[in-house]
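Structure first, commentary second.
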Amino acid sequence: MHVKAIAGDDEAFLAVMQLHKQSLLRTALAFLRNEDDAIEALQEITYRAYKKVRTVKEPSYLKTWLIRIMINYCQDQLKLRKRYTVDDSGLETVSAEDISYIELRDALATLSDQEQRLIYLKYFQESKIKDIAQSENIPESTVKSRLYKTMRTLRSYFEDKGGSDHV
Amino acid sequence: MYETEEARLKQLKEHLDQQSLPLSEADQAIRQGMERVRREKKQARKRRKRIFGSVAVVALLLLTFITSIRVSPVFAQAVASIPGLEKFVELIAMDKGLDAVIQNGYYQEIGVTQTIDDKTLTVDGVILDETGINIFYTIESKRSLKGLQVDYIHLKAEGIPEGSFSYGNIMDEEEIHTYKDRIDYQFGELYTSQNQSFDLSVAIKLKDQETVFSVPFTVLEQVKASEVYTIDKKVDIQGQQFTIEKVTVSPLRVGVKITIDPTNTMKILQFEDMRLEDEKGELWGSIRNGTTAFGGEDGKYTFFLQSNYFSQPKKLYLRINKVQALNVEEAFAEVNTETGEWLNQPNDQKIQLLQSNKHHAEFIMKNTDEEEFPFYFLGSVIDAKGEEVETPTTGKYGDEEATHWDLNFGRTDYANPLRLELFAYPNYLEGNIKIKIK
């Protein structure tokens with residue numbers, strides 16, 4: 001089915017999008033934290049992917065590729081949002097559990113775009129190191145060392161915050 | 001090592017996975033995303049025009065072309081064995097005759113280049129015979145050639161007969177540094193001169209900057225002579241008569257010379273399914289991309305078919321089963337380009353005027369069963385004072401609903417209404433004509 005999608009077949013492409021729509025939506029929600037924005041992101045990613053789908057060289061990486069362009073899009077959106085909107089998270093009522101998530105998400109937001117992608121693909125999409133390496137176009141060993149370095153950055157973030165684990 | 005961090009990430013993942021997803025909105029978003037691409041593609045298709053130019057008043061142009069391309073493995077192999085020819089496959093694959101020219105090594109590599117500023121034009125190769133010349137050329141640049149337009153093309157040679165030519169290609173979106181095209185120059189009469197040296201000028205416009213390339217080249221191999229068969233047979237299709245005079249078989253094309261009986265009550269327009277058939281039932285049809293006929297004076301026409309020059313059949317027949325025709329009084333369109341008003345046209349009114357002014361007119365014909373009417377349908381344009389109005393550039397394109405024809409008039413001081421001769425129209429006479437050629 002993936003092979004057909006690369007040849008630009010309408011129905012096959014639709015089927016691929018159906019197959020991956022949950023993963024794509026979850027990705028958008030993880031980054032954008034808003035359903036409306038996630039739906040808009042899905043439309044945009046369908047558009048971009050459908051336009052470009054002939055250029056994918058390796059069908060088995062189609063999912064990772066889709067997730068990757070989704071993350072890129074979300075990261076761009078977040079940068080725009082930073083410039084133009086006020087943070088309204090203070091208006092939400094949150095539980096202690098939520099606070100832990102918010103902290104982690106804030107920590108993740110301090111990482112570079114690539115570090116965020118690596119963490120997201122590895123821990124949220126549970127993608128294989130091999131697939132991540134292909135999608136990022138870097139060697140597998142580099143994926144591993146960058147992930148390792150990123151975990152160290154996260155740890156030092158929490159340590160500097162004074163151990164929010166104990167809240 | 002980082003178990004705590006990993007555990008926190010895992011927790012967050014599970015939390016996120018529990019979120020309900022707006023799935024029906026998602027389906028709609030996917031559909032909308034795909035629809036946006038389809039709309040854009042449709043728009044892009046509209047812009048794809050092939051430009052036709054005519055240098056001679058005597059030549060009438062009937063053009064037809066299709067867009068789907070099928071390549072046989074044998075042909076693909078022959079193409080692959082000639083360096084540089086591969087990129088032109090899409091421009092030759094629709095014609096069995098050209099296919100055989102390539103397979104029989106009659107395509108001749110030239111490889112002459114000229115560089116002006118950052119642009120280089122290369123004449124890659126040619127096919128020359130007594131009926132015309134096909135020139136395959138490429139323009140390359142380090143900078144983007146997006147938006148490149150071919151302004152005009154001239155071909156000079158000592159003793160070259162006047163003729164008609166077609167050129168223009170769609171640039172590949174992903175290859176913005178290369179423009180490739182085939183110029184199909186068709187001589188108005190057989191060219192039998194010993195001179196095989198040509199001078200090609202190609203003027204292009206890119207971002208308002210004009211570049212004129214001028215490349216001389218010589219074709220080394222001697223031209224293969226045409227084979228001429230005199231037939232002289234009168235035939236009848238639903239009461240309308242015409243005479244098949246002679247058939248000329250050349251490497252690039254086969255010309256069928258026909259004289260139409262002046263006493264016919266209907267004007268015969270196109271021999272849509274005219275074809276050659278050999279003893280094994282193999283067929284050669286009309287030219288799919290280029291000039292399909294010459295003539296018109298005194299009811300004499302030459303129609304062109306794909307060439308079987310290299311196949312050397314034992315027996316050969318000319319076959320016709322349907323002919324486009326209109327009653328004589330309906331066989332022209334009369335229209336006022338300033339008011340958009342029709343004064344005459346075929347009774348079933350299949351052609352509509354979409355928009356017009358003194359400079360330009362755009363006609364459309366609705367597709368039947370999603371089939372595009374593939375013919376360029378308009379011939380000479382005569383104004384109210386009986387003077388010809390030239391149409392230096394014309395274009396044809398199709399979208400999903402209709403076929404469009406664009407006409408640009410050479411001058412605006414003409415008097416309305418304009419009388420446009422119809423060369424093709426979807427109205428048919430049927431019969432079964434089979435004539436022995438050899």
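A few notes on this one:
- Along each principal axis, Cα extent of the range B:100-174, largest first, Å: 38, 29, 22
- Segment residue A:69-residue A:141, extension gain: residue separation times 0.36 nm, minus the distance between their alpha carbons: 23.7 nm
- Here the extension length gained between residue B:367 and residue B:312 equals 15.9 nm, from 0.36 nm per residue of separation less the Cα-Cα distance.
- Helix B:23-47 axis, angle to chain B major axis (alpha carbon atoms, nearest 10°): 30 degrees
- Calculated FRET efficiency, residue B:113 to residue A:18, Cβ-Cβ distance, R0 = 60 Å: about 0.75 to the nearest 0.05.
- Using the Cβ-Cβ distance between residue B:149 and residue B:86 with R0 set to 35 Å, the FRET efficiency works out to roughly 0.90.
- Placing pseudo-labels 7 Å out from each Cα toward the beta carbon at residue B:207 and residue B:380 gives an inter-label distance of 4.5 nm.
- 10 Å Cβ neighbours from other chains, averaged over peptide B:31-39: 6
- Distance distribution note for chain B: the fraction of Cα pairs above 43 angstrom is 21%.
- Segment residue B:120-residue B:428, length gained on full extension (0.36 nm per residue, minus Cα span): 106.1 nm
- Among B:177, B:353, B:78 - extreme Cα towards positive end, dipole of chain B, charges at beta-carbon: B:78
- Acute angle (nearest 10 degrees) that the helix B:3-18 long axis makes with the longest principal axis of chain B, alpha-carbon atoms: 60 degrees
- Where labels lie 7 Å past Cα in the beta-carbon direction, separation of residue A:52 and residue B:24 in nm: 3.2 nm
- The calculated FRET efficiency for the pair residue B:339 and residue B:174, based on their C-beta separation and a Förster distance of 41 Å, comes to about 0.35.
- Spin-label model distance (nm) - residue B:218 vs residue A:11, 7 Å beyond Cα toward Cβ: 6.0 nm
- For the range B:200-347, the Rg and Dmax computed from alpha carbons only, in angstrom: 20.3, 58
Computed from the coordinates by the stated procedures, all read-outs in this text should not be read as laboratory data. It should be emphasised that the depicted structure is a prediction, and the values quoted were computed from it without experimental measurement. Quick reminder, even Gly has a Cβ in these numbers, built from the backbone with ideal geometry, and neighbours come from all protein chains shown.
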